[in-house]
1. Give the number of residues within region 135-156 that are surrounded by fewer than 18 Cβ atoms within 10 Å (Cβ to Cβ) and touching a strand residue (DSSP E or B) at 6+ places or on another chain (Cβ under 9 Å).
2. Among all residue pairs at least 6 apart or on different chains, which show Cβ distances below 6 Å where the first residue, located in region 429-442, is within 17 Å of residue 239 (Cβ to Cβ) and the second is in a helix (DSSP H, G or I)?
3. Go through 472, 446 for me and flag whichever is out of contact with any helix residue (DSSP H, G or I) (no Cβ under 9 Å at 6 or more places or on another chain) and either modelled with pLDDT under 90 or within 27 Å of residue 46 (Cβ to Cβ) (or both).
4. When the residues of region 351-364 are narrowed to those that are in contact with a helix residue (DSSP H, G or I) (Cβ under 6 Å, 6 or more places away or on another chain) and within 16 Å of residue 408 (Cβ to Cβ), which ends up surrounded by the most Cβ atoms within 10 Å (Cβ to Cβ)?
5. Return the residue satisfying two criteria in turn: it lies in region 382-403 and is part of a helix (DSSP H, G or I) and in contact with a helix residue (DSSP H, G or I) (Cβ under 6 Å, 6 or more places away or on another chain), and of such residues it is farthest from residue 433 (Cα to Cα).
6. I want to confirm something. Restricting to region 193-220 and keeping residues that are assigned to a loop (DSSP other than H, G, I, E, B) and at pLDDT 95 or above, which single residue is nearest to residue 156 (Cα to Cα)?
7. Can you name the number of the only condition in (1) touching a strand residue (DSSP E or B) at 6+ places or on another chain (Cβ under 8 Å); (2) in a helix (DSSP H, G or I) that residue 181 fails?
């Protein structure tokens, strides 16, 4: 690791009712990857927004290349060589790769945009990073992984000296993550300092040199990655020890009634002849590689996508589910993997989101009974231990884990007996994960039945009573948790069935 290129000292930032940053320190060195970790709401993103000029700090100093600085906007930060690669990709799908890389700073020949020059410069950039992407390709035709590579290339095109990666691997496959790591290692050799924000512990151990931890808006400490354990980092993040032992036996009684039976479900090529049962109080894990058909199966079951054929029985009675409305009437709730798009309306309040799936119960003529709505919202905020200043807070202002709790509250208000959790902890930190796990176990113990789709093997082994494994749209096996191992799950997840 090289010399210190940037120091943030005593950074303080408050918003109405929230002390977001409490005298935080941060140090970035040339040619290092610094992990910035903490639970959702710890202040990581706020600190980076202060650094890049999105927010103005209340107090503290930022020293960059030996001089005290304060950027008024992201353009000033970019011009100085400090760039963010965002988790949510900011590319425009209808433009070419090269046009996206140089948007707002296009090469021109007279008054006309010089696409030929932009393509040439983009090609030079990709060659430098050993990235195989055609600059003339339309952005929407690229995979998410390739689009992420374009985001990194765009950052480099600003002659970056510091690059901030905000959850860069959230939507990437394993092979795409490895490609990204190759680029990061190459950038290290070029003396570029990097901040890597991620909740994935395994990545942190592989790619970072040091770990800086924040908690509740304050600086906790910085440790050398290779000299620390996963448990050390988690303990710094949450201030307590979190155990992630796998479940060794099912918590479901042998005589528990079958609440949901699915027979020979077909829906396009991603759901082929899928059959399974779900028992009262059971957490049924759905495992498989990306593209296995797990989400498609859940969407067909919920009526979000049309099924071609197959039968669905609830409590022994055959039901027709042609729409999400039918599913909800039959007591099924669906927590989408994309909670901001499908799970909640982030520009509405906690109270409004809580009652959204059951508005008829809160209607008083053409108006909503706000007093009744408030009572129910407060009940679930307390029951789920949702961290929010009030039930009138907009959901967009809550952390990922608390947004997930709002979606759960919505379906509990509807009194759904069957809950489908699709990637329930994606994008939330280890402490919030633990709370979601406790909540799921509590719901199951109270008699709710849960289908849990997860790409995290540790999550599948920790939470499931039984595991259904899929590969390329087909169910390839079913394992009781007592016999489940990573190896036999992976064998089934890669086994094609004719």
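The values are calculated or read from the model by the stated rules, or taken from the named source; none is laboratory data. Please read all numbers here as calculations on a predicted model, not as lab measurements. FYI the Cβ positions are ideal-geometry reconstructions off the backbone, even for glycines, and counts take in every protein chain you see.
1. The qualifying residues number 3.
2. 430/234; 431/238; 432/401
3. 472
4. Restricting to residues being in contact with a helix residue (DSSP H, G or I) (Cβ under 6 Å, 6 or more places away or on another chain) and within 16 Å of residue 408 (Cβ to Cβ), the top hit is 354.
5. Here the answer is 395.
6. Looking at residues that are assigned to a loop (DSSP other than H, G, I, E, B) and at pLDDT 95 or above, I get 208.
7. (1)
Here is a yes/no grid of residues against (1) more than 27 Å from the chain's Cα centre (by Cα); (2) in contact (Cβ under 8 Å) with a residue 24 or more places away in the chain:
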position: 249; (1), (2): yes, yes
position: 270; (1), (2): no, yes
position: 277; (1), (2): yes, no
position: 284; (1), (2): no, yes
position: 298; (1), (2): no, yes
position: 309; (1), (2): yes, yes
position: 327; (1), (2): no, yes
position: 335; (1), (2): no, yes
